[in-house]
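Read the structure below first, then the notes.
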Amino acid sequence: MASAAEYRVMHLYSNLRIVIVDIECNLEGLRGERASAQRLDRLFIPGCWYRMEEHPNMIHIDWRNGDWSELPYEKFEIVEPQ
């Protein structure tokens, strides 16, 4: 039996959350695992994330629109399946 993917979320602002999941990212030219920025007004930006070698407690996210973010991994909370 395959294990379920682990989703983690960080509420960055009251209207924006960042979601990361341990599934291989399939965006051309980007590496890592899947990420997305999701706003209440339905803006959705996909990206790919990976742990930073030089700072293992941080993750780096490359967004499809060319932006990037670096955020502390421990701020992401596991989302329990429903």
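Read-outs: derived from the displayed coordinates by stated rules, not from any lab. Keep in mind that what you see is a predicted model, and the values were worked out from it rather than measured. Heads up, the Cβs are rebuilt from the backbone with ideal geometry, glycines too, and the neighbour counts pull from every protein chain shown.
Here are the numbers for this structure:
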quantity	calculated
Number of the condition not met by Asp62 [criteria: (1) in a strand (DSSP E or B); (2) exposed (fewer than 14 other Cβ atoms within 10 Å of the Cβ)]	(2)
Matching residues in region 11-41 - criterion: being assigned to a loop (DSSP other than H, G, I, E, B), without any contact (Cβ under 8 Å) to a residue 24 or more places away in the chain and surrounded by 18 or more Cβ atoms within 10 Å (Cβ to Cβ)	none
Extreme residue, farthest from the chain's Cα centre (by Cα), among residues of region 69-82 that are surrounded by 12 or more Cβ atoms within 10 Å (Cβ to Cβ) and among the hydrophobic types (A, V, I, L, M, F, W, C)	Val79
